[in-house]
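Right, I'll just put the structure down here and ask away after.
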Ligand code: GDP
């Protein structure tokens, strides 16, 4: 049951973007921040020149994708519902395995970016296994559809064969390589093309006749995969009934959260640059903080574990996951709040260090600005200024609460250098 106090969480997505080096993680993240920063949606008309200016300015100033967690907003195309998307920086390098693992703990879902001309590369396999160990639900983005050698089928097959996962293609490219023109949404049976190179405008069309057969076949396979994870859909399938778009989305979402299926999308973050459909898929298929298992903690001197469900009115439980030095404000401690509410100016108990510490100011980091806030609630991520003792991986709980440590980070498996 979701209480009234928890209801905002249904519109929260805490995600990471994971990729093999060069697959296009930076480009994709920049595009996501560009669109979420300005909330550009399907059907909106924009002045191309203004867009260019903004991009140039941002390039000069450098978009803050180095923040450990960036808070963005996305309005779902079509429904107009507003979502908060927190993008957690996941280091892409195999050498940073421990850091990758640490970031895996604070995100609820991930977008795995693949280079469609390369398929699933060895390093992507490593990150994928780490995500498996932390039970992170994922959607896959087959990027670089415009590149010579690009093949959507290659990525889909590699997901099945190299990663041993069940791919569920929810999109299909209209043309590949030089001929890449747009994307078909298999669930909705609609086609989308970008009308300019910045991808700021999307046009929706009927599925072109040449793709109708392929789309029908893929949709049938998608329904079969979704029926495997959803009994209602299975009943409908057995009775030969066609599910509605909403039913199909709900079943795929369930399969994604249970990690039994992996939606696969495609696009080009360089050529058409539009990531709106990717953002829509993030809110459609990746879980809210309410849909992932509650984090557990161990009570001191006891075998007892306690759970901290995502609830702003619950006991405070937060994890410091990254410390950064900031030239203006000094030490920034990035935290994820799992339960309760962290308030500026309050005292917390650092259970890992067995020390009381004072929270100074609280910040939410956006792509091009910082917002000072008075509190961070369950499910939120942000930065604390003022904590003296907190180190990476430390548990922060309410001052005066019984000492409890959030699940420790497993010792990572030896990293195989590839
Ligand atoms: P990262 O290492 O995963 O962060 O990858 P980058 O985002 O830096 O991209 C690596 C290279 O691939 C850069 O030269 C990009 O311009 C290029 N790239 C990224 N996305 C695309 C794409 O969709 N199509 C093509 N052709 N190149 C891309």
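Might you let me know whether the range 358-367 holds any residue that is farther than 24 Å from residue 8 by Cβ and assigned to a strand (DSSP E or B)? Talk me through it step by step, then tell me what you get.
Initial filter on the range 358-367 (farther than 24 Å from residue 8 by Cβ): 358, 360.
Right, trim to assigned to a strand (DSSP E or B) and you get 358.
Yes, the range 358-367 has at least one match.
For residue 394, work out the one condition from (1) crowded, with 18+ Cβ neighbours inside 10 Å; (2) under 30 Å from residue 37 (Cβ atoms); (3) out of contact with any helix residue (DSSP H, G or I) (no Cβ under 6 Å at 6 or more places or on another chain) it doesn't fulfil.
Just one mismatch for residue 394, condition (2).
OK, next. Residue 118 versus (1) out of contact with any helix residue (DSSP H, G or I) (no Cβ under 6 Å at 6 or more places or on another chain); (2) farther than 20 Å from residue 226 by Cβ; (3) away from the ligand (no atom under 16 Å from the Cβ): which is the lone unmet condition?
(3)
What single numbered condition from (1) farther than 30 Å from residue 125 by Cβ; (2) within 27 Å of the chain's Cα centre (by Cα); (3) part of a loop (DSSP other than H, G, I, E, B) fails to hold for residue 392?
(1)
Within the range 123-178, which residues are at pLDDT 90 or above, in a helix (DSSP H, G or I) and more than 11 Å from the ligand (Cβ to nearest atom)?
152, 153, 154, 155, 156, 157, 158, 159, 160, 161
Just checking, does the range 403-412 include any residue being crowded, with 23+ Cβ neighbours inside 10 Å and in a loop (DSSP other than H, G, I, E, B)? Give the derivation first.
Residues of the range 403-412 that are crowded, with 23+ Cβ neighbours inside 10 Å, as a first pass: 406.
Going one step further and asking which of them are in a loop (DSSP other than H, G, I, E, B), we end up with none.
No - not one qualifying residue is present in the range 403-412.
Looking only at the range 159-173, how many residues end up being in contact with a helix residue (DSSP H, G or I) (Cβ under 6 Å, 6 or more places away or on another chain) and at positive phi?
Residues flagged as in contact with a helix residue (DSSP H, G or I) (Cβ under 6 Å, 6 or more places away or on another chain) and at positive phi within the range 159-173 amount to 0.
The values are calculated or read from the model by the stated rules, or taken from the named source; none is laboratory data. As the structure is a computational prediction, the values presented were derived from the model and not from experiment. Every residue, glycine among them, receives a Cβ derived from its backbone with ideal geometry; neighbour counts consider all protein chains shown.
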